[in-house]
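Here's the structure, in structure tokens; my notes come after.
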Amino acid sequence: MADRPIGVLVVDDSAMMRNLVGKIIDADDACEVVAKAMNGEFALRKLESAKPEVIVLDLEMPEMNGIEFLQERRKRHIDIPVIVLSSIAERGAKVTMEALSLGASDFILKPSGSVSTDIHKIADQLTELVRSLGTEFRLRHLSDQTKPRPKRSSAPVAPARPKSTPADPPKPPAGVKPGPIKIVAIGISTGGPNALRKVFALIPATLPVPIVVVQHMPPGFTTEFAKSLDRVCPMTVSEVADGEPMEAGHIYIAPGDHHITVTRNGRFGTLHVNQEPHRNGHRPSADVLFASVATHFGNHSLGVIMTGMGKDGATELGSIVGKGGITVGQDEESSVVYGMPKVAFEMGHVQQQVSLSAVADTITSIVTSHQ
């Protein structure tokens, strides 16, 4: 079963788009289109027979649109990961945030219009996300997959995931121990919007420190993302403004296409944004935030790395450890994609590894016990 490509269901009302997206997916030996559907209703009918491991979903469709499909998916307790691929994301960040709140794992913008003939521009991004989400889904459901589809001879074999083994963590200077926590810094990516909703809904408004977040997200979406979090979280949530002083009980979201750094002054410090080069392919980058937090807050910092594809944040989380700060990583079982926290854990930069359901309590406990 491990040597078959990841099955994808493409849902779009445009036959041209179904064909173009299908060609992108089938061009990758690790993936294959197992079914196509013109709207959400037809997609639901095809789930049982096609058994996809990833769904690529348009939002604007007749009869049953993408939002309605995601609502029905939730009612039926379907856990197949969904990638939203729609032009509406460019015009309606609110709709995209609604799709994520309903369980979509991530979204990718069509380069232009509802029918993008230049869809090839996002080919690498799409196939990388399909591979990551599909592999994670497969590893969680291996015991249920007893009827593999015919193999594609050129498809790569996906080996069983070995258990992660942490390296020796960096050591702080002799005698340096965690002091009173003054800041919590979080780096997160794929699967992050839903994970953060769950975490922040459980952190009390009385938390005596600020929380600063890098969530990989393109420009134009982080303002609405912050608003959507603010509606469900006890703490105040907002997008970062350059030069903004930090306050206790406040969550700050890095703006899309901008790095975020901190300086220490006053009670908690000040937030800064910039557009310096991408790091690890990202802007904002969790590594940039963690490095800044380690430099300015040292052993008064708590760094948290959560679900996400790739390795952003893993290296500089070690800088927080090296300065005597505390670090936490999300575990494999509860991560949508165990990429960023896995790399950090294997580098020895994660001091405590916890499930998503325990992240809020862990943050609150560490902060309150180090005051």
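The values are calculated or read from the model by the stated rules, or taken from the named source; none is laboratory data. Note that the structure is a prediction, hence the values are computed from the model and not measured. Heads up, the Cβs are rebuilt from the backbone with ideal geometry, glycines too, and the neighbour counts pull from every protein chain shown.
Filter the range 327-371 down to the residues that are hydrophobic (A, V, I, L, M, F, W, C), part of a helix (DSSP H, G or I) and crowded, with 21+ Cβ neighbours inside 10 Å and list them by number. Spell out the reasoning first.
Of all residues in the range 327-371, those hydrophobic (A, V, I, L, M, F, W, C) come to 328, 336-337, 340, 343-345, 347, 350, 354, 356, 358-360, 363, 366-367.
Cutting the leftovers down to part of a helix (DSSP H, G or I) gives us 340, 343-345, 356, 358-360, 363, 366-367.
Across the range 327-371, the qualifying residues are Met340, Val343, Ala344, Phe345, Val359, Ile363, Val367.
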Worksheet entry | Restricting the range 293-304 to residues that are in contact with a Ser or Thr (Cβ under 9 Å, 6 or more places away or on another chain) and surrounded by fewer than 24 Cβ atoms within 10 Å (Cβ to Cβ), the residue that is nearest to Phe345 (Cα to Cα) | Ala294
Worksheet, complete the sentence: In the range 56-75, anything closer than 25 Å to Gln125 by Cα and of a type in the set (A, V, I, L, M) is listed as Val56, Leu57, Leu59, Met61, Ile67, Leu70
Worksheet item: Which residue pairs have Cβ atoms closer than 9 Å, lie 6 or more positions apart in sequence or on different chains, and pair a first residue in the range 182-207 that is closer than 12 Å to Ile363 by Cβ with a second residue that is small (Gly, Ala, Ser) and assigned to a strand (DSSP E or B)?
Response: Ile183/Ser301; Val184/Ser301; Val184/Gly303; Ala185/Ser301; Ala185/Gly303; Ile186/Gly303
Response to the item:
For the range 13-55 the number of residues that are buried (at least 21 other Cβ atoms within 10 Å of the Cβ), over 17 Å from Gln125 (Cβ atoms) and at pLDDT below 95 is 0
Fill in: Counted residues, the range 310-326 - those being under 19 Å from the mean Cα position of the chain (by Cα) and surrounded by 24 or more Cβ atoms within 10 Å (Cβ to Cβ)
5
Fill in: Residue check for Pro150: under 16 Å from Val337 (Cα atoms), at pLDDT below 85 and not assigned by TED's automatic domain parsing to the domain that holds Asp28
no
Worksheet item: Within the range 183-236, how many residues turn out to be within 21 Å of Gly308 (Cα to Cα), of a type in the set (Val, Ile, Thr) and not in a helix (DSSP H, G or I)?
Response: 8
